[in-house]
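For reference, the structure discussed in these notes is given below.
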Amino acid sequence: MEVIGNLKQMQQIADEQRLSRKTLALVPTMGFFHQGHLELMRAARRHADVVVISIFVNPTQFGPNEDLSTYPRDLDGDLSKAREVGVDFAFVPSVREMYPEGFQTRVSVEEVTKHLCGISRPSHFDGVTTVVAKLFNIAKPHIAVFGQKDFQQLAVVRRMVKDLDMDVRIVGVPTVREPDGLAMSSRNTYLDPEERKSALCLKKSLDLAGDMVNKGEVEASKVIGAVEDLILGHPHTQIDYVSLCDPVTLEDVETLERETLLALAVKVGRTRLIDNCLLGGGKGN
Ligand code: AMP
């Protein structure tokens, strides 16, 4: 695996691979790898000849009071994990490389960013789409792989690709969980042992909602009420949102007539966790 810090060099490599008729898959990440990240890389391996990952803690997607300065990092560990799953190139740019002096362009997706995490993290998705657009121009992938754990991010990236006619196929990978159900996340490391126990309320509430819908419940308010009660029954929890919405537009629904996204954001202690599943339409999580 080759590690590249320079964006011109990454572009050159991408050009060479494309000229030799290789397909490229990109997995954008912020590092501190767990099995969820590695699963994305394995999916990329299955979809393309050449796998490129990026490791970049993107400052523009963090709000002023968020955890940019404390975000966990382990570059050496990340590189050896990526090597083990057969990644070909790791693009690891500096902030200066990505945002040189004078940088002033922003890619902004309008409607789909106004719901869910977009409400409490108002500039987050502009940061995501701007950096992902840049990474697409740098690594020139045919395919890019994202996790369904960040369902809104996936929806926003799909919208951007469609609207800007980007020639990149977006692949979504199901959420990878700890054995007890907690969705893997780099931020789980912030949880103390008591909070770690409480954090199970996210997956438990997805399961509860799944059971209710399987038994015939179609009223969104009833499902949301039960989910909120379950979450608030756990110590140290504070709900940011519980939403039942359309999986493409992310607009709230009142009844579960077709496949619906249940998306949650819950603060456990000071750590904000998200999780989601699709309900109805024969899919679970
Ligand atoms: P991050 O490093 O947190 O920005 O995540 C990089 C990519 O990994 C994103 O596409 C995430 O959606 C994905 N990801 C993070 N956690 C998981 C997980 N538990 N299962 C599947 N994908 C994940």
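The values are calculated or read from the model by the stated rules, or taken from the named source; none is laboratory data. Since the model is a prediction, treat every value here as computed from it, not as a measurement. Please note: Cβ atoms are built from the backbone with ideal geometry, for glycine as well, and neighbour counts cover all protein chains shown. The protein model used for the area step is the full one, side chains on, heavy atoms only, and it has no ligands, DNA or RNA in it. Shrake-Rupley method; radii C 1.70, N 1.55, O 1.52, S 1.80 Å.
Quick check, is A82 more than 30 Å from T249 (Cβ to Cβ), within 14 Å of the ligand (Cβ to nearest atom) and touching a Leu at 6+ places or on another chain (Cβ under 7 Å)? No; evaluated as a whole, the condition is false for this residue.
Give R73, R96 a once-over and let me know the one that is at pLDDT 95 or above, in a helix (DSSP H, G or I) and either surrounded by 14 or more Cβ atoms within 10 Å (Cβ to Cβ) or out of contact with any Cys (no Cβ under 8 Å at 6 or more places or on another chain) (or both).
Working: R73 fails: in a helix (DSSP H, G or I).
Residue meeting the stated conditions: R96.
Answer with yes or no whether F136 is within 30 Å of S20 (Cα to Cα), at pLDDT 95 or above and within 16 Å of the ligand (Cβ to nearest atom). Answer is yes for this residue.
Matching residues to (1) open to solvent by less than 40 Å² (accessible area, probe 1.4 Å); (2) part of a loop (DSSP other than H, G, I, E, B):
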site: Q238; (1), (2): no, no
site: Y241; (1), (2): yes, no
site: R258; (1), (2): no, yes
site: A263; (1), (2): yes, no
site: R272; (1), (2): no, no
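Within region 238-252, the presence of at least one residue that is touching a strand residue (DSSP E or B) at 6+ places or on another chain (Cβ under 8 Å), under 20 Å from L116 (Cα atoms), of a type in the set (V, I, T) and more than 16 Å from the ligand (Cβ to nearest atom) is confirmed.
Within the span defined as region 109-130, one or more residues are under 25 Å from L264 (Cα atoms), among the polar types (S, T, N, Q) and open to solvent by 30 Å² or more (accessible area, probe 1.4 Å). Quick check: anything in region 176-188 open to solvent by 10 Å² or more (accessible area, probe 1.4 Å), of a type in the set (K, R) and either at pLDDT below 95 or part of a helix (DSSP H, G or I) (or both)? Yes - at least one qualifying residue is present in region 176-188. Taken over region 1-57, the criterion of being open to solvent by 40 Å² or more (accessible area, probe 1.4 Å), away from the ligand (no atom under 16 Å from the Cβ), among the hydrophobic types (A, V, I, L, M, F, W, C) and under 18 Å from S80 (Cα atoms) is satisfied by M1, V3. Determine whether region 158-178 contains at least one residue that is over 16 Å from the mean Cα position of the chain (by Cα) and over 29 Å from E16 (Cβ atoms). There is at least one residue in region 158-178 that is over 16 Å from the mean Cα position of the chain (by Cα) and over 29 Å from E16 (Cβ atoms).
Take region 156-168 and flag every residue that is within 15 Å of the ligand (Cβ to nearest atom) and open to solvent by 90 Å² or more (accessible area, probe 1.4 Å).
From region 156-168, those within 15 Å of the ligand (Cβ to nearest atom) are 156-158, 160-161, 168; that's our starting set.
Correct list: R158 only.
Is region 140-159 home to any residue that is among the aliphatic types (A, V, I, L, M) and over 22 Å from A90 (Cα atoms)?
To start, the set of residues in region 140-159 that are among the aliphatic types (A, V, I, L, M) comprises 143-145, 154-157.
Cutting the leftovers down to over 22 Å from A90 (Cα atoms) gives us 155-156.
Scanning region 140-159, I find at least one residue that is among the aliphatic types (A, V, I, L, M) and over 22 Å from A90 (Cα atoms), so the answer is yes.
Could you list, in sequence order, all residues of region 76-91 that are hydrophobic (A, V, I, L, M, F, W, C) and out of contact with any strand residue (DSSP E or B) (no Cβ under 7 Å at 6 or more places or on another chain)? Show your work before the answer.
First, pick out the residues of region 76-91 that are hydrophobic (A, V, I, L, M, F, W, C): 79, 82, 85, 87, 89-91.
If the condition is that a residue be hydrophobic (A, V, I, L, M, F, W, C) and out of contact with any strand residue (DSSP E or B) (no Cβ under 7 Å at 6 or more places or on another chain), then V85 is the only one that fits.
Going by the conditions given, is I55 over 19 Å from the mean Cα position of the chain (by Cα) and β-branched (V, I, T)? So I55 fails the test. Checked against (1) within 13 Å of the ligand (Cβ to nearest atom); (2) touching a strand residue (DSSP E or B) at 6+ places or on another chain (Cβ under 9 Å); (3) open to solvent by 30 Å² or more (accessible area, probe 1.4 Å), G172 passes all but condition (3). Could you go through region 208-231 and let me know if any residue there is part of a helix (DSSP H, G or I), more than 30 Å from V157 (Cβ to Cβ) and touching a residue at least 60 places away in the same chain (Cβ under 8 Å). So far as region 208-231 goes, no, none of its residues is part of a helix (DSSP H, G or I), more than 30 Å from V157 (Cβ to Cβ) and touching a residue at least 60 places away in the same chain (Cβ under 8 Å). Would you call K215 under 22 Å from D246 (Cβ atoms) and open to solvent by 30 Å² or more (accessible area, probe 1.4 Å)? Here the answer is no, as K215 does not meet what is asked.
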